[in-house]
Amino acid sequence: MVKAAVRYVCQSCGEVYAKWQGQCTSCNEWNSISQEAEVTGGHKSAVGARSPKTNVVTLSTLADETENAPRFTTGVAELDRTLGGGLVRGSATLIGGDPGIGKSTLLLQAAAKLSLSGKRVVYISGEEAVGQVRLRGQRMGLSDAPLALGAATNLNDILATIDTGPAPDVVIIDSIQTMFADEIDAAPGTVSQVRASAQALIRFAKARSTALFLVGHVTKDGQIAGPRVLEHMVDTVLYFEGERGHQFRILRGVKNRFGPTDEIGVFEMTGGGLNEVANPSALFLSEREADVPGTCVFAGLEGTRPLLVEIQALVSPTPAANPRRTVVGWDSGRLAMVLAVLDARAGLGFGNHDVYLNIAGGLKIGEPAADLAVAVALLSSLTDTAIPRATIAFGEIALSGEVHGVPQPGLRLKEAAKLGFEASLIPGGKSSGAPCTLTQNQIGHVTGLLDALGLSL
Ligand code: TYD
Ligand code: MG
């Protein structure tokens, strides 16, 4: 007999309480706890569990053969790269991102490519009608792809659909927040619905060796809406990000049980869907203007991939007691640190100046290796002198003012040489090792920066 009991679930972190309270003691969120009915009673408690009888689990060893080729490529190379070399059978991948960033577009393109290569692909849309998806597909020239398209939000209907006939190679659920299971008495998008739906779909994927894609919405503060537990349940978590007003889109791996994280895929949104960008550095630098003070190219690294981006700084005098510090695309705490080090160790005061920092192209960078390039851009703007256009920089600035080495200097220099750069500002100490056509100007300490750049205050 199935009977409903009441429990209180934090919609932010998934913590369960017996009584209502104003603040979640687990994630400290206010007003996030709401009442949900809990399904209790025997084996029915798990959604999608078909049979009440118990089975003996077949145990095997690591050396045992796997039946199918464990990985297959999607045909979208940038997606394969982010996944760590293709899709793994029986795996679940969560793709998060802001509304309108292009998640559905990306998955529709991948689904079309997969189905054209002979894979059985089922695309379930819970947000758009079949007609809408079809129209979009036609506009992107994908009409010939033999993929199976459905519009549904009822989990049991979906499970029944994908369970008939041979198991699909790939199932795409767009989005997990629109799915609901009849057994759970809560609205779609709530913690219990999202968790139960994801659980049942992942169980199906593992049992039938199907690669599962779940689309997840992102809340205002950038987390996948609903329970954080969703990120723990899946094998791979990818974020699709980009700035509105820029056509670049970055697919970023943040968790991957089958490959390296931190890999990125770069796309460009066009009128005909997403185009893959095989050489992102060239794209990010394509908008560079003529020599202007306050810019410096940073030779960065995203995963295993070198990526050159322009860092732009504007330093302007202000009479205000609290000068502005505004950062787009980089960590504001890190900027404050670089400013403090330049002030304390090299006597370069920014105290009576507003400072604005921007990473061109709408890219977000998290590497401390950008410190030196940021410092160069700041000094260039402060002295109102452009630094030579064909120069790149990288290096991490310590609180002592020393410039420390960063991973893979050779790879960064090689990418810069490929794109026609001629000079580099790199950390002092060991040489990068790799032979390279760029002149290498070693900066051991921030005090040497003005001289190295030929700047004067
Ligand atoms: P969509 O994939 O629906 O985003 P999501 O699923 O992440 O919410 O993308 C919608 C946006 O992409 C929309 O603002 C229009 C734009 N777009 C293009 O510019 N070109 C295209 O070919 C397509 C299909 C969408
Ligand atoms: Mg969508």
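The values are calculated or read from the model by the stated rules, or taken from the named source; none is laboratory data. These numbers come from a predicted model, not from an experiment. Here the Cβ positions follow ideal geometry from the backbone for every residue, glycine too, while neighbour counts run over all protein chains shown. Surface accessibility is based on the protein's heavy atoms, side chains included, excluding ligands, DNA and RNA. Shrake-Rupley method; radii C 1.70, N 1.55, O 1.52, S 1.80 Å.
Points worth noting:
- Residues in the stretch 429-457 that are at pLDDT 85 or above and polar (S, T, N, Q): T439, Q440, N441, Q442, T447.
- A search for C-beta distances below 6 Å between a residue of the stretch 163-177 that is open to solvent by 10 Å² or more (accessible area, probe 1.4 Å) and any residue that is more than 16 Å from ligand 1 (Cβ to nearest atom), counting only pairs 6+ apart in sequence or on different chains, returns A167/R208; A167/T210; D169/K119; D169/R120.
- All positions within the stretch 261-281 that are more than 16 Å from ligand 2 (Cβ to nearest atom), open to solvent by 20 Å² or more (accessible area, probe 1.4 Å) and closer than 15 Å to E78 by Cβ: D262, E268, T270, N275, E276, A278, N279
- Top-ranked residue in the stretch 157-174 [being closer than 18 Å to L147 by Cβ and either among the small types (G, A, S) or in contact with a Gly (Cβ under 6 Å, 6 or more places away or on another chain) (or both); ranked as nearest to ligand 2 (Cβ to nearest atom)]: A167
- Tally, over the stretch 210-232, of residues that are modelled with pLDDT of 90 or more and surrounded by fewer than 17 Cβ atoms within 10 Å (Cβ to Cβ): 0
- Which numbered condition A151 fails, given (1) open to solvent by 10 Å² or more (accessible area, probe 1.4 Å); (2) farther than 21 Å from Q247 by Cα; (3) away from ligand 2 (no atom under 16 Å from the Cβ); (4) touching a residue at least 12 places away in the same chain (Cβ under 8 Å): (3)
- For the stretch 282-317, a residue qualifies if it is open to solvent by 20 Å² or more (accessible area, probe 1.4 Å) and of a type in the set (F, W, Y), but none of them does.
- Meets criteria (modelled with pLDDT under 95 and under 22 Å from L230 (Cβ atoms)) for G131: no
- Where strands (runs of 3 or more DSSP E) fall entirely within the stretch 155-268, none has at least 3 residues that are of a type in the set (V, I, T) and either within 16 Å of ligand 1 (Cβ to nearest atom) or more than 23 Å from T105 (Cβ to Cβ) (or both).
- Here R89, R50 are screened, and the one residue that is more than 16 Å from ligand 1 (Cβ to nearest atom), modelled with pLDDT of 90 or more and either under 23 Å from A196 (Cα atoms) or in the same structural domain as D262 (by TED's automatic domain parsing) (or both) is R89.
- Scan of the stretch 390-424 for residues that are more than 20 Å from D343 (Cα to Cα), without any contact (Cβ under 8 Å) to a residue 60 or more places away in the chain and part of a strand (DSSP E or B), ordered by number: A423
- Test: residue in the stretch 347-363 that is touching a residue at least 12 places away in the same chain (Cβ under 8 Å), open to solvent by 60 Å² or more (accessible area, probe 1.4 Å), in a helix (DSSP H, G or I) and closer than 28 Å to S400 by Cβ: no
- Number of the exception - D343 against (1) in a helix (DSSP H, G or I); (2) touching a His at 6+ places or on another chain (Cβ under 8 Å): (2)
- Single unsatisfied condition, A290 versus (1) over 16 Å from G85 (Cβ atoms); (2) in a strand (DSSP E or B): (2)
- Tally of residues being within 16 Å of ligand 2 (Cβ to nearest atom), assigned to a helix (DSSP H, G or I) and open to solvent by 50 Å² or more (accessible area, probe 1.4 Å) across the stretch 84-135: 3
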